[in-house]
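K.L.:
Sharing a structure, written as structure tokens. Questions coming.
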Amino acid sequence: MAATEQDILEGLGKIINEITGIPASEVTPEKSFVDDLDIDSLSMVEIAVAAQDEFGVEIPDDQLKNLKTVKDVLTFIQN
Amino acid sequence: MSANRVRVVVTGLGATTPVGGDVTSTWTALLAGQSGVNTLTTDWIDSVPVKFAGTAAVDPAEVLPRPEARRLDRSEQFALVAAREAWKDAGTPEVAPERLGVVVSSGIGGISTTLSAYDTWKERGWNRLSPFTVPMLMPNGPAAWIGLDLGAQAGVHATVSACASGAEAIGYAMDMIRAGRADVVVAGGTEAAIHGLNIAAFAAARAMSQRNDDPQAASRPWDRDRDGFVLGEGAGIVVLESEEHARARGARVYAYCAGIGYSADAHHITQPEPEGRGQIMAMTQALTDADITGLDVKHVNAHATSTPSGDVGEVQAVAKAIGTHPLVTSTKSMTGHLLGGAGGIESVFTIKALQERIVPRTINLDNIDDGIEVDLVYGENRALPEGDIAAVNNSFGFGGHNVTVVFKGA
């Protein structure tokens, strides 16, 4: 059974909390990584590495730079 | 020595060691004669002949916030924990960023990161590596992270001289202040080298104790039955400051960091020079630099690692360079040998001994080896005299590096 968006959001929240210390509850779809969550580019690489392991999807660098919001990542993983 | 030379004082101490997670708990354990050495239970233990080490009493990853800890090699974690303790202990000095420096060294750097990253790369590919792999494995990483933490801009350095690294860092820091390049410098050594490869490699050099049936008795400097050193881990950090800067802010002064001596044996890559020529030169230079004589030195925290070849030669060199009168101890009997961290923690211990006028005993010293004339402290702790006294910390490293630091009571 494919993971629901809610499952992915929870998993992503845990990863972001582990890497940045931001509470998982603040990781909501509309948030921008840079503007709202203050996550820098190297932290985004860490998050991508962890997300690849967690969800079993490859996130190429040229795609990663287009993932601006939490919603972008949820959509990418689901597709 | 020039009468108007800048004098350097110690205003802060920090340590995390196999016997305690900070200076107070570590010092209390040393005075109680407690060993921090224990049997290891790691997954690689069957592939090495040495089954024990001095693991840190407090896991630094449990002390630091998780997002910070995961970006740091363990050697960097130790350094940051000890540096924050030392900085707080110094009263969080107000100092202009361009007048604040850091000199913190390790002997081997982020070797556990290097090895685990190699596994990740081979097994799972380059894109599974943390983007922080390089700053975790680089040997200047501990100094750089402390520099970032404090905003130090006067220069951030990491001297490397194997097991003399930590002491050399303190000497370099003193030189920075004397040269007028900084008013305050955070200095010391760190090491996190308890890994199967390091133990295998040191065992291959026939340098490690293999007393697997009694690990806490394995580190026994100067004892007839010593059979090698015991690996320890942790960090020791001091805050050094120009006396003028420290007095102006009303800082508590632990001691003067009064002299430094460096030399190289130019003899053999791992064996000490048998006549102690280089060690004597380092100690003699340090006394001259501190403008004192051997008679002023009442205590020596020896390098003495519990190896058959090194321990006796060192105290014979002490007898020639300083005299037979100082109270000599090896705290490595309790902490094990922290390699590049040794000069850091042992400088902290030398300063504590001066401050509290007490020398912790060398444990496990049951039968003193032949050829030793100095006054070894064993059986019980010994008191240091009141008055104007000095103490010495020796650190020597593979490569023939010899470093002696002189501290004087405040």
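K.L.:
I'm checking my understanding of the structure. Among residues of the stretch B:113-132 that are more than 11 Å from every other protein chain (Cβ to nearest Cβ) and among the hydroxyl-bearing types (Ser, Thr, Tyr), which one is surrounded by the most Cβ atoms within 10 Å (Cβ to Cβ)?
P.N.:
Taking the candidates together, the pick is B:Thr113.
K.L.:
Just to check your reading of the model, which residue among B:Gly107, B:Gly91 is touching a strand residue (DSSP E or B) at 6+ places or on another chain (Cβ under 8 Å) and either surrounded by fewer than 24 Cβ atoms within 10 Å (Cβ to Cβ) or over 22 Å from B:Ser395 (Cα atoms) (or both)?
P.N.:
Every option except B:Gly91 fails the conditions.
So that you can scan it fast, the table gives a plain yes or no per residue for (1) within 15 Å of B:Val8 (Cα to Cα); (2) touching a Lys or Arg at 6+ places or on another chain (Cβ under 8 Å); (3) surrounded by 21 or more Cβ atoms within 10 Å (Cβ to Cβ); (4) at pLDDT 95 or above:
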{"residue": "B:Asp175", "(1), (2), (3), (4)": "yes, no, no, yes"}
{"residue": "B:Val185", "(1), (2), (3), (4)": "yes, no, yes, yes"}
{"residue": "B:Gly189", "(1), (2), (3), (4)": "no, no, yes, yes"}
{"residue": "B:Asn212", "(1), (2), (3), (4)": "no, yes, no, yes"}
{"residue": "B:Ala217", "(1), (2), (3), (4)": "no, yes, no, yes"}
{"residue": "B:Arg226", "(1), (2), (3), (4)": "no, yes, yes, yes"}
{"residue": "B:Val230", "(1), (2), (3), (4)": "no, yes, yes, yes"}
{"residue": "B:Glu233", "(1), (2), (3), (4)": "no, yes, yes, yes"}
{"residue": "B:Leu240", "(1), (2), (3), (4)": "yes, no, yes, yes"}
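K.L.:
Right, here's the next one. Can you tell me which residues in the stretch B:362-377 are touching a Leu at 6+ places or on another chain (Cβ under 9 Å), surrounded by 21 or more Cβ atoms within 10 Å (Cβ to Cβ) and under 20 Å from B:Ser209 (Cβ atoms)?
P.N.:
B:Thr362, B:Leu365, B:Leu376
K.L.:
Since A:Val73 meets every condition but one in (1) surrounded by fewer than 19 Cβ atoms within 10 Å (Cβ to Cβ); (2) in contact (Cβ under 8 Å) with a residue 24 or more places away in the chain; (3) in contact with a helix residue (DSSP H, G or I) (Cβ under 9 Å, 6 or more places away or on another chain); (4) away from chain B (no Cβ under 14 Å), which condition does it not meet?
P.N.:
(1)
K.L.:
Tell me, please, whether a residue that is crowded, with 18+ Cβ neighbours inside 10 Å, within 14 Å of chain A (Cβ to nearest Cβ) and not in a helix (DSSP H, G or I) can be found in the stretch B:53-66.
P.N.:
Yes; the residues of the stretch B:53-66 include at least one that is crowded, with 18+ Cβ neighbours inside 10 Å, within 14 Å of chain A (Cβ to nearest Cβ) and not in a helix (DSSP H, G or I).
K.L.:
Somewhere in the stretch B:146-153, is a residue within 14 Å of chain A (Cβ to nearest Cβ) and buried (at least 22 other Cβ atoms within 10 Å of the Cβ)?
P.N.:
no
K.L.:
Would you mind stating whether B:Ala319 is crowded, with 24+ Cβ neighbours inside 10 Å and without any contact (Cβ under 8 Å) to a residue 60 or more places away in the chain?
P.N.:
For B:Ala319, the condition - crowded, with 24+ Cβ neighbours inside 10 Å and without any contact (Cβ under 8 Å) to a residue 60 or more places away in the chain - is not met.
K.L.:
Tell me, please, whether a residue that is of a type in the set (A, V, I, L, M, F, W, C) and within 12 Å of chain B (Cβ to nearest Cβ) can be found in the stretch A:53-67.
P.N.:
Within the stretch A:53-67 (the criterion being of a type in the set (A, V, I, L, M, F, W, C) and within 12 Å of chain B (Cβ to nearest Cβ)), the answer is yes, since at least one residue qualifies.
Yes/no per residue for (1) assigned to a loop (DSSP other than H, G, I, E, B); (2) under 23 Å from B:Cys257 (Cβ atoms); (3) touching a strand residue (DSSP E or B) at 6+ places or on another chain (Cβ under 9 Å):
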{"site": "B:Val315", "(1), (2), (3)": "no, no, yes"}
{"site": "B:Gly341", "(1), (2), (3)": "no, yes, yes"}
{"site": "B:Ser347", "(1), (2), (3)": "no, yes, yes"}
{"site": "B:Ile351", "(1), (2), (3)": "no, yes, yes"}
{"site": "B:Leu354", "(1), (2), (3)": "no, yes, yes"}
{"site": "B:Leu365", "(1), (2), (3)": "yes, no, yes"}
{"site": "B:Asp388", "(1), (2), (3)": "yes, yes, yes"}
{"site": "B:Asn394", "(1), (2), (3)": "no, yes, yes"}
{"site": "B:Val405", "(1), (2), (3)": "no, yes, yes"}
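K.L.:
Condition check: more than 21 Å from B:Arg70 (Cα to Cα) and either within 14 Å of another protein chain (Cβ to nearest Cβ) or hydroxyl-bearing (Ser, Thr, Tyr) (or both). Does A:Leu42 satisfy that?
P.N.:
Judged against the criteria, A:Leu42 is not a match.
K.L.:
Next up: Test A:Ile22 against the criterion of being under 26 Å from B:Pro135 (Cα atoms) and facing chain B (nearest Cβ under 10 Å), and give yes or no.
P.N.:
It is true that A:Ile22 is under 26 Å from B:Pro135 (Cα atoms) and facing chain B (nearest Cβ under 10 Å).
K.L.:
For the stretch A:1-39, give me each residue that is surrounded by fewer than 12 Cβ atoms within 10 Å (Cβ to Cβ), of a type in the set (S, T, N, Q) and closer than 21 Å to B:Arg66 by Cβ.
P.N.:
A:Ser25 - this is the single residue of the stretch A:1-39 that is surrounded by fewer than 12 Cβ atoms within 10 Å (Cβ to Cβ), of a type in the set (S, T, N, Q) and closer than 21 Å to B:Arg66 by Cβ.
K.L.:
Then there's this: Of all residues being within 14 Å of another protein chain (Cβ to nearest Cβ) and among the charged types (D, E, K, R) in the stretch B:67-84, which is surrounded by the most Cβ atoms within 10 Å (Cβ to Cβ)? Just the residue, please.
P.N.:
B:Arg71
K.L.:
Could you figure out which of (1) surrounded by 13 or more Cβ atoms within 10 Å (Cβ to Cβ); (2) more than 14 Å from every other protein chain (Cβ to nearest Cβ) isn't true of A:Asn79?
P.N.:
(1)
K.L.:
Evaluate the following for B:Gln210: is it within 22 Å of the chain's Cα centre (by Cα) and either assigned to a loop (DSSP other than H, G, I, E, B) or within 17 Å of B:Ala304 (Cα to Cα) (or both)?
P.N.:
no
K.L.:
Within the stretch B:383-393, which residues are within 15 Å of B:His325 (Cα to Cα) and either crowded, with 18+ Cβ neighbours inside 10 Å or modelled with pLDDT under 95 (or both)?
P.N.:
B:Leu384, B:Ile389, B:Ala390, B:Ala391, B:Val392
K.L.:
Quick one: which helices (runs of 4 or more DSSP H) sit completely within the stretch A:27-79 and have at least 3 residues that are of a type in the set (D, E, K, R)?
P.N.:
In the stretch A:27-79, A:41-55 are the helices (runs of 4 or more DSSP H) which contain 3 or more residues that are of a type in the set (D, E, K, R).
K.L.:
OK, next. Just the residues that are assigned to a strand (DSSP E or B) and either over 15 Å from B:His303 (Cβ atoms) or within 18 Å of the chain's Cα centre (by Cα) (or both), please, taken from the stretch B:367-376.
P.N.:
Selection gives B:Ile368, B:Asp375.
K.L.:
Here is a further query. Suppose we filter B:His299, B:His337 for residues that are surrounded by 23 or more Cβ atoms within 10 Å (Cβ to Cβ) and closer than 22 Å to B:Ala192 by Cβ; which single one remains?
P.N.:
B:His337
K.L.:
Quick check, is A:Leu12 in contact (Cβ under 8 Å) with a residue 60 or more places away in the chain and either within 11 Å of chain B (Cβ to nearest Cβ) or assigned to a helix (DSSP H, G or I) (or both)?
P.N.:
Yes, satisfied.
The values are calculated or read from the model by the stated rules, or taken from the named source; none is laboratory data. The shown structure was predicted, so the numbers you read here are calculated from the model rather than taken from an experiment. Every residue, glycine among them, receives a Cβ derived from its backbone with ideal geometry; neighbour counts consider all protein chains shown.
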